[in-house]
Amino acid sequence: MADLFASGRIVDAILLLTALEAGALLLLRRRDLLATLLAGAALLAALRLALAGAEWTWVALALLAALIAHLFDLARRWR
């Protein structure tokens, strides 16, 4: 179990569950929640990239994607 966390594979499992949740939201026609889910998935992707030792530009790109999704979600909620 400790290896699951040390290797970062736990993030892969969480991303898989997030993808399944996105599919369920689409089936339930709850598209309003997808931006929130996308922001969280992008943060998880940034974490996974950092744990895997990816170049900082990829981590920064994932963080930028999280920011854009978050701002889109905020704008949608404030309408």
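All of the numbers you see were taken from the coordinates with simple rules; none came from a lab. Keep in mind that what you see is a predicted model, and the values were worked out from it rather than measured. Neighbour counts run over all protein chains shown; Cβ positions are idealised from the backbone, glycine included.
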Next item on the list: Test residue 66 against the stated conditions and say whether it is surrounded by 17 or more Cβ atoms within 10 Å (Cβ to Cβ) and either among the small types (Gly, Ala, Ser) or in contact with a Cys (Cβ under 9 Å, 6 or more places away or on another chain) (or both).
Entry: yes
Checklist line | Total residues in the stretch 59-79, condition farther than 12 Å from residue 39 by Cβ and not charged (D, E, K, R) | finding: 5
Margin query: When you check residue 74 against the structure, is it among the aliphatic types (A, V, I, L, M), surrounded by fewer than 17 Cβ atoms within 10 Å (Cβ to Cβ) and in contact (Cβ under 8 Å) with a residue 12 or more places away in the chain, yes or no?
Written below: no
Margin query: For the stretch 8-54: of the residues being of a type outside the set (A, V, I, L, M) and touching a residue at least 12 places away in the same chain (Cβ under 8 Å), which is nearest to residue 70 (Cα to Cα)?
Written below: 36
